[in-house]
């Protein structure tokens, strides 16, 4: 249905019953979720959630939700959402034994990618969606999120080895070397069966490197200004500057 309403949406953000989806949707049940300002133009809500909201209840609800899904079923959860970046201290407060994998990429290409996705998603509910406005929101969120993540690293909240860094460039260059390093960092075994399933999935779903899905020029943002805002993060985490798409 989403693809019928906005042709090309699934190219930007594949969805399916057997594909991973952000657990950010769980927080929607607490009305404290980034899914709302992504799907709809809600500037006052976006500022409230970014600066004023107390996310602890959302994380408690998140745990109850997962407990319900896992009732009677053993296993370990693998969760995927950029939204945790803004609340890493709240996350470990609710899940003190969580292992966090933070992926790193040039923030400018991240901003233009998210802006393009936001513009497409908003078209599901509106006849007008402005990519410049989406980009300004994405820039603020990304800059604030990266600054908070660095403060958490310095706060002593995280246990040694609780946060594992992955460079996007390394993953693209040799995904399975990165995956093996991740398994070692988490103290888990990458079985031949699991690795083959991953290889089969990648072979059936080759990436397009971003293709023409997003362009920095569409954002209307000043690249030099944004680069200065994220320079501290890039230096701290060793994130290389990419050519802007």
(request) May I ask you to work out the translational diffusion coefficient for segment 2-237 at 4 °C, viscosity 1.567 mPa s, via Stokes-Einstein with Rh from the Kirkwood sum over Cα pairs, reported in whole µm²/s? (result) 67
(request) Note down the nm distance, to one decimal, between modelled labels 7 Å out along Cα→Cβ at residue 44 and at residue 164. (result) 4.4
(request) Taking just the C-alpha trace of segment 53-146, give me its Rg and Dmax in Å. (result) 16.3, 47
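What ratio of Cα Rg to 2.2 N^0.38 Å holds for segment 9-107?
Taking the Cα Rg and dividing by 2.2 N^0.38 Å, one obtains 1.14.
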(message) Springs between alpha-carbon pairs under 10 angstrom, Gaussian network model over the chain: which of 108, 19, 117 fluctuates most?
(response) 19
(request) Counting only C-alpha contacts under 8 Å and six or more residues apart, can you give the relative contact order of segment 2-237 as a whole percent? (result) 23
(message) Quick check: Cα centre of segment 1-38 to Cα centre of segment 93-172, how many Å?
(response) 16
(message) How far apart, in nanometres, would the label points at residue 77 and residue 203 be if each is projected 7 angstrom from Cα along the Cα-to-Cβ direction?
(response) 3.4
(message) Give me the extension gain from residue 2 to residue 243: residue separation times 0.36 nm, minus the current Cα-Cα distance, reported in nm with one decimal.
(response) 83.6 nm
(request) Set the Förster distance to 30 Å, then compute FRET efficiency between residue 94 and residue 125 from the Cβ-Cβ distance, nearest 0.05. (result) 0.45
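Coordinate-derived values only; no laboratory data. None of these values were measured; they are calculated from a predicted model. Note that each Cβ is placed from the backbone with ideal geometry, even for glycine, and that neighbours are counted across all protein chains shown.
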